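To start, the structure itself, in structure tokens.
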């Protein structure tokens, strides 16, 4: 999106808090070679943007493979031992392919839903969300379902997809229909949500927030009440903290901050939240740099997100963010994030309890801080955690995947 190019933020993230960087040179970590298992995967070189999803038994992984000017969305399923034959879902030469705004994927009783961003006009930031639906009953793909049906040549993206009732899904996204054809003072990025049935039909498309941060990812989960969405909000005074909306009694609640960090920043930090649920419990992780103090925090809720505990800091004194999160039981979550350590950048995970108790972090790998390294993905299948990321070690980017047992945290 148009605010992705914010050079001063990169400088800030990489070079601020020099004293913290120095004291992080010897982070207390568990030795990864004893805990982290490398998983062979079916991804070729010149691939990036992994997305993970757990159906409780298997791991789904999607990614984008580039070949000259064309991009292909692929996915495969891993049962802990073997991968299914990879599926090429759709290809295109008119996609908006972006390091932070990449395809989501989810499965519900064998029905699969994913998305791509397709250019709608010549402008750099004019693109639509196109859904791709695999019907288990028909054993066919229905491609290029237009999600945002506003007809505006504007930005639409940062999609989150979660399974809902039967074979349906809930989808939420950032929608820029009010960024064009309106007076400048009324230009706002918005948050919307909708339900998608097994036939690809869209219903209950609704505005959830009429002013949000422009290009931070959304995140969603399902509780017994219904969907819950977290995202980076935006006030008239440029406070950009994490907010939540919930579907309760067939109605959406008003947006409310998870916690008031009061991070005032004039541009989008491109660093959204992560959420997961376990029964009535929720956990939300996010990045903030309020008061020039970049950090990763997590907050727990025991009542499906109505009230949250005070945040718990996760990082070791400095952070880049790019968080993900899974709950492993009612009171414990595992967080992944990126953090500088001297001249290196690490992908870290740790377990945190709602009472504030934290395990020692495990370093998954060294990576690089630039945008092309993307957003590491974390998912849980049974008692095994999976972490995927875009590796920049070779001549062309590719995707690496590892596993960690929850008992080792």
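A short reminder: the numbers here are calculations on the coordinates, not readings from a lab. Since we're looking at a predicted model, the values are computed, not measured. Positions of Cβ are backbone-derived with ideal geometry, glycine not excepted, and every protein chain shown enters the neighbour counts.
Sequence-distant contacts, meaning Cα pairs under 8 Å at least 6 residues apart, place the relative contact order of region 7-408 at 15 percent. The equivalent ellipsoid that matches the C-alpha gyration tensor of region 59-178 spans semi-axes of 25, 17, 12 angstrom, in descending order. The eigenvalues of the Cα gyration tensor, multiplied by 5 and square-rooted, give region 7-408 an equivalent ellipsoid with semi-axes of 29, 25, 22 Å from largest to smallest. Ordering of 247-256, 308-317, 373-382 by packing is 373-382, 308-317, 247-256, highest average first (other Cβ atoms within 10 Å, averaged per residue). In the chain, the DSSP-assigned H stretches of four residues or longer account for a calculated mean residue ellipticity at 222 nm of -1000 deg cm²/dmol, using -39500 (n - 2.57) per stretch and the full residue count as denominator. Taking packing as the residue-averaged number of other Cβ atoms within 10 angstrom, the listed peptides 337-349, 393-405 run from highest to lowest as 337-349, 393-405. Run the paramagnetic zone check for residue 121: 7 angstrom along Cα to Cβ, then residues of region 144-168 with backbone nitrogen under 20 Å. Residues passing the 20 Å test: 146-158. Computed over region 283-409, the percent of Cα pairs more than 18 Å apart is 52.
Measuring nothing but alpha carbons in region 295-368 and taking Rh as the Kirkwood radius, the Rg to Rh ratio lands at 0.99.
When peptides 169-180, 115-126 are sorted by average Cβ neighbour count within 10 Å, with the highest value leading, the order is 169-180, 115-126. Of 365, 190, 212, the residue with the greatest mean-square motion in the GNM of the chain, using alpha carbon springs below 10 Å, is 365. A simple spin-label model places pseudo-atoms 7 Å from Cα toward Cβ; at residue 392 and residue 406 they are separated by 3.3 nm.
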